[in-house]
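This report refers to the structure that appears directly beneath it.
The values are calculated or read from the model by the stated rules, or taken from the named source; none is laboratory data. Quantities reported herein were computed from a predicted structural model and do not represent experimental measurements. Neighbour counts run over all protein chains shown; Cβ positions are idealised from the backbone, glycine included. The protein model used for the area step is the full one, side chains on, heavy atoms only, and it has no ligands, DNA or RNA in it. Shrake-Rupley method; radii C 1.70, N 1.55, O 1.52, S 1.80 Å.
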Amino acid sequence: MNILVTGGAGFIGSHTVIELYAAGHTAVVADNLSNSCQESLRRAAQIIGTDTIPFYNVDIRDKAGLQEIFEQHTIDACIHFAGLKAVGESVSKPWEYYDNNIHGTLTLIDALRQHGCKRMIFSSSATVYGEPAEIPITENCPKGTCTNPYGWTKSMLEQILTDLYHSDSAWNIVLLRYFNPIGAHPSGMIGENPNGTPNNLMPYITQVAIGQRPELGIFGNDYPTPDGTGVRDYTHVVDLAKGHVSALSAIERGCGLAIYNLGTGKGYSVLDVVSAFEKASGVKIPYRIKPRRAGDIATCYSDPSKAEKELGWKALNGIEEMCRDSWNWQKKNPAGYICTEQK
Ligand code: NAD
Ligand code: UFG
């Protein structure tokens, strides 16, 4: 299939483009480069062994820009990664988050249906479960109260896509709820490229390891977890990327509306991740315990068995591989990508 990948220059998108080609699909990327560089796609093309990956510097809120893509390509399905994702920033800029993520997705949906393409995979998040009602979290766990506008955009977009499907069953839509993507392509050529101070744990750890930051702050050690630090279901980005290929097969089979957790089913504390990283890298990570971060929950890990049963997808990489590959990427690219294009 030929897949429109919105946000395909970003962290998860660029890894997914590689897995799409590996599975015999092709991709057309639409990204406004607000949080990425085209360099990720140049490198993805090298890994794939293709000259170029068709790329449009387009904002998904731009109707005419999307129209041009559909005029030039036959699109069989869309994998929709494009969105703003910084939790803290969403609290100070809610309008920008609702405009980008919700208005953007509505514009994209309209373009898709006008061109008769009613197949979408949507990047959702474990954040929609809020303070989860059960651990491990199955897809039957009710959605919860989000603690920030970013989380609400995911929750609302899931509802919008669900309502769309109920109004028109010609749509096939897969909502993928990701659990803490980390790691990088094993080549070390592509990886996560945070802007400014990282919000997330793994990029912060790798920046401490490379000497860019003096120490890691651990946000709380008084949670009701085995060592008091927050527990999460870290998932290798390459496994996550492959999950999209499996979801595409479900779409081809006519899955209707389907929801899957993409996680490993294992929970690791912040201290577990620090020691796994030290073991994988041989680098000591100095840390200091800090107050809890507003909006954080104690424990969040998935029951991923639905994805295994229905999609045949299972995360194959463990925390060792995740730490190894995050470190390999950081070592080979101490300053991330060097962006050459104008923002
Ligand atoms: P990312 O920021 O690396 O990638 C998102 C891409 O979308 C970027 O390349 C950005 O330039 C692009 N983009 C943003 N707004 C756009 C717009 N209006 N038009 C066109 N392009 C636009 O983030 P990622 O980590 O790869 O995340 C991909 C998706 O997965 C996002 O929707 C994110 O919310 C979701 N998600 C991420 C995580 C995570 O921890 N990384 C967890 C759960 C869900
Ligand atoms: N943490 C620290 N220090 C840091 C960064 C994080 O101690 O510098 C801790 C957090 O308190 C938490 C754990 O490390 O206990 C993981 O934090 P992250 O920020 O890496 O990830 P979150 O679980 O908070 O959230 C991430 C994304 C969300 C997404 C969610 C589920 O940021 O957008 O995973 O996929 F919704």
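Things worth noting here:
- Listed by position, the helices (runs of 4 or more DSSP H) enclosed by the range 1-116 that each have at least 1 residues that are of a type in the set (Asp, Glu) and open to solvent by 50 Å² or more (accessible area, probe 1.4 Å) are 63-72, 87-92, 94-97.
- Among residues of the range 317-336, those that are under 18 Å from the mean Cα position of the chain (by Cα) and of a type in the set (Phe, Trp, Tyr), counted: 1
- Failed criterion for Gly220 (all others in (1) small (Gly, Ala, Ser); (2) within 13 Å of ligand 1 (Cβ to nearest atom); (3) farther than 23 Å from Asn35 by Cβ hold): (2)
- For the range 228-251, taking the residues that are more than 15 Å from Tyr301 (Cβ to Cβ) and open to solvent by 10 Å² or more (accessible area, probe 1.4 Å), the one that is farthest from ligand 2 (Cβ to nearest atom) is identified as Ser249.
- Close Cβ contacts (under 7 Å, 6 or more residues apart or on different chains) running from residues in the range 185-206 that are more than 22 Å from Val270 (Cα to Cα) and open to solvent by 10 Å² or more (accessible area, probe 1.4 Å) to residues that are part of a helix (DSSP H, G or I) and of a type in the set (Val, Ile, Thr) comprise His185/Ile18; His185/Ile47; His185/Val238; Ser187/Ile47; Met189/Ile47.
- Filtered by the rule that a residue be under 18 Å from the mean Cα position of the chain (by Cα) and open to solvent by 60 Å² or more (accessible area, probe 1.4 Å), the range 302-316 gives Lys314, Leu316.
Let's see how each residue does on (1) more than 15 Å from ligand 2 (Cβ to nearest atom); (2) outside any loop (DSSP other than H, G, I, E, B); (3) of a type in the set (Phe, Trp, Tyr):
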site: Thr153; (1), (2), (3): no, yes, no
site: Val174; (1), (2), (3): yes, yes, no
site: Arg177; (1), (2), (3): no, yes, no
site: Pro186; (1), (2), (3): yes, no, no
site: Pro194; (1), (2), (3): no, no, no
site: Pro198; (1), (2), (3): no, no, no
site: Pro203; (1), (2), (3): no, yes, no
site: Pro214; (1), (2), (3): no, no, no
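- Residue in the range 160-168 that is more than 12 Å from ligand 1 (Cβ to nearest atom), open to solvent by 10 Å² or more (accessible area, probe 1.4 Å) and assigned to a loop (DSSP other than H, G, I, E, B) present: yes
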